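Q: Quick one: this structure, given as structure tokens, is what I'll be asking you about.
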2 protein chains.
Amino acid sequence: MGLKVREVTSATNSLVKVFRRALAEGLTRDGWLCGEGPYFLEEALKSGSRATVRSVLVSAEAAEKHRPLLDRLPAESELAQIPDRLFHQIAGTRTPQGVAAIVEMPAFDLKTVAASRNAILVIACGLQDPGNMGTIIRSADALGASAVIALAGTVNPFNPKAVRSCVGSIFRMPVFAGLKPETVFKLLRDLRVRILGTDPHSAVALSTVDLRGSIALLVGQEAAGLPAEISREADKLLSIPIRAQADSLNAAMAAGIFLYEVARQRKFQFQP
Amino acid sequence: MGLKVREVTSATNSLVKVFRRALAEGLTRDGWLCGEGPYFLEEALKSGSRATVRSVLVSAEAAEKHRPLLDRLPAESELAQIPDRLFHQIAGTRTPQGVAAIVEMPAFDLKTVAASRNAILVIACGLQDPGNMGTIIRSADALGASAVIALAGTVNPFNPKAVRSCVGSIFRMPVFAGLKPETVFKLLRDLRVRILGTDPHSAVALSTVDLRGSIALLVGQEAAGLPAEISREADKLLSIPIRAQADSLNAAMAAGIFLYEVARQRKFQFQP
């Protein structure tokens, strides 16, 4: 059963070259998502019509081990097998699991998403840690956000480490990367989306503010916070009250708590 | 001015041996905390009377670079300098920063902490990721918890990776490691502390339950959840409502959101 496997042995084969580059970047030149591990492929397949698995590269060992998973590939996917040693060379992880996939993602339109009723947009400004970025996408997915936007200068949300931390959410959430602040803020103003900054120094507690309606939540780095040119775009700056002698919360944690408070105020009525 | 620096060059020197072992475990045999990096030492010094810096080991390069920090060591600390190459050998990190310290922590008494008014205890059950453990301690500190307890079988909260993720909170929060479930649950029952389990499958949303008074919050692994023998100890099982098609929240994120909801219901009146 299953797809026909093409055997490739040369490191200079064009598909191997595409995977080598894409595994480092997280994206192919066409903007398709590239990730590693059976779990990544499993999540892509589970996401149904939202994402289309285009190409799969497996090591000889993994081809054997993950046969049931590979049998679920759609007929139009391309499946190639390479020697274990070559897979190890091109993998981005230290202990590669022998499965890599290139997945075409649906093209989301930011304007449509931002104009949707009661939209919740998470805007990451300057975050550098891919693990935090992935955790934000995962929490945004769970807590009902409409999209995650990474402004220019923020870590790439399609970075393989970010994708690993977001556990499949990348196939469900609209994620926009490298957008210019001025473009995003102009769009939000035009659509009358309220812009809320998260700022540990603000005296206004998030729970004292009505967070219903369409909002954009600006999330900065934990130490530096929001850059001045970003925070002045906010209609309001809000904080999570914390114990006086404590340090700040981790950036992803702060974003998750904001999203929880937003969801709580909306009585957990999530959009599908 | 500052402390006199003892120069040590031998890998078999007894202090070097103590640091080598303690850097791997996170604790010395006396139960003193051992950590790496100038930030760790900085936080220990900032914590004031709560923690006492006993011994500091520096590489020759770091002794120069971190002079102002080392000048702040109390007179009773021991300060030793070793060659850069030797520091690299004993350090637990891949890019060591040349500073390691052994810090005596205050001895907290679990019974006293649990008996305090409106106590909030976080009980980690089976978590394996040290980064998650550290993030939980950091969030517990920020959001007003009284203590963090790691049950036997849970990752060591003094693990150097956990300590790095908790950013100084380890010097403020009472943290108890490796306790037997039966001992902890007996104590909680005796003190009439309400035991609340976090369970993604529970139909009871955390925000619908009164979370004031003394409580213990059981936090399990994200995939496996709480083991059955732990969750049956809970007076109630509560969930964070999430979007239907989404995956679970990260374990540390779930714990942080629970602690936020607890703090919100208490109107952010933190105990000092």
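Q: Return an integer: the convex hull volume of the alpha-carbon atoms of chain A, in Å³ per residue.
A: Cα convex hull per residue, to the nearest whole number: 136 Å³.
Q: Less than 11 Å Cβ to Cβ from residue A:222, Lys/Arg counted +1 and Asp/Glu -1: what total charge do the surrounding residues give?
A: -1
Q: Here is a further query. Tell me, A:90, B:137 in order of fewest to most beta-carbon neighbours within 10 Å?
A: A:90, B:137
Q: Exposure proxy check: B:116, B:10, A:55 ranked by fewest other beta carbons within 10 Å?
A: Taking fewest neighbouring Cβ atoms as first place, the list is B:10, B:116, A:55.
Q: Sticking with this structure for a sec: Where does the protein assembly as shown land at 222 nm, in deg cm²/dmol rounded to the nearest 500, when only DSSP H runs of n ≥ 4 count, each adding -39500 (n - 2.57), divided by all residues?
A: -9500 deg cm²/dmol
Q: Quick one: the Cα spread of the stretch A:114-209 along its three principal axes, in angstroms, biggest first?
A: Principal-axis extents of the Cα atoms in the stretch A:114-209, largest first: 34, 28, 25 Å.
Q: Can I ask one more? By Kyte-Doolittle mean hydropathy of at least 0.5 and Cα axial length of at least 20 Å, which whole DSSP H helices of chain B are selected?
A: B:251-265
Q: Provide A:125, B:166 in ascending order of the number of other Cβ atoms located within 10 Å of each residue's Cβ, fewest first.
A: Least to most surrounded, the residues fall as A:125, B:166.
Q: Could you check how many percent of all C-alpha pairs in the stretch A:6-104 are farther apart than 23 Å?
A: The answer is 14 percent, as a whole percent.
Q: Using the Cα atoms of the stretch B:76-167, I'd like the radius of gyration and the largest Cα-Cα distance, Dmax, both in angstrom.
A: Over the stretch B:76-167's Cα set, Rg and Dmax evaluate to 16.3, 51 Å.
Q: For the protein assembly as shown, taking Cα atoms only, what is the radius of gyration to one decimal and the Dmax to the nearest whole Å?
A: 24.9, 77
Q: Same structure again: Two decimals is fine: what's Rg over Rh for the stretch B:177-233, C-alpha atoms, Kirkwood radius as Rh?
A: 0.96
Q: Now a separate question. What percent of all Cα-Cα pairs in the stretch B:21-69 falls into each 10 Å bin, going from 0 up to the bin containing the maximum distance?
A: Percent of pairs per bin, in order: 23, 54, 23, 0.
Q: Could you work out the local net charge near residue B:15, counting Lys and Arg as +1, Asp and Glu as -1, over the other residues with Cβ closer than 12 Å to its Cβ?
A: +3
Q: Give me the percent relative contact order of the stretch A:1-131, please, defined on Cα pairs under 8 angstrom at least 6 residues apart.
A: With pairs under 8 Å counted, the relative contact order is 33 percent.
Q: Give me the distance between the Cα centres of the stretch B:162-241 and the stretch B:102-142, rounded to whole Å.
A: Cα centres, the stretch B:162-241 to the stretch B:102-142: 11 Å.
Q: Given N residues in the stretch A:170-272, what is Rg(Cα) / (2.2 N^0.38 Å)?
A: 1.10
Q: Using a basic spin-label model with each label point 7 Å from the Cα along Cα→Cβ, how many nm lie between residue A:210 and residue A:50?
A: 3.1
Q: Same structure, new question: Taking the Cβ of residue B:209 as the center, what net charge do the other residues with Cβ under 14 Å away carry, scoring Lys and Arg +1 and Asp and Glu -1?
A: +2
Q: Another question, if that's okay. Assign one of three labels to the stretch B:99-153, namely rounded, prolate or oblate, based on the Cα gyration tensor with a ≥ b ≥ c the square roots of its eigenvalues; rounded applies when a/c is under 1.5, prolate when it is not and a/b is larger than b/c, and oblate otherwise.
A: Here the stretch B:99-153 falls in the oblate category.
Q: Applying 1/(1 + (r/R0)^6) with R0 = 45 Å to the Cβ-Cβ distance of residue B:15 and residue A:152, what FRET efficiency is obtained, to the nearest 0.05?
A: 0.35
Q: To the nearest Å, what is the center-to-center distance of the stretch A:17-50 and the stretch B:24-88, using C-alpha atoms only?
A: With the stretch A:17-50 and the stretch B:24-88 each reduced to a Cα centre, they are spaced 44 Å.
Q: Next up: Do any chymotrypsin sites (Phe, Trp or Tyr not before Pro) in the stretch A:182-272 lie in a loop, going by DSSP, with at most 16 other beta-carbon atoms within 10 Å of their beta carbon, and if so which?
A: The qualifying sites are A:268.
Q: Right, something else. Give me the percent relative contact order of chain B, please, defined on Cα pairs under 8 angstrom at least 6 residues apart.
A: 18
Readers should treat all values here as calculations from the given coordinates under stated rules, not as data from a laboratory. Because the structure is predicted, anything quoted here is derived from the model rather than measured. Note: ideal-geometry Cβ built from the backbone for every residue, glycine included; neighbour counts use all protein chains shown.
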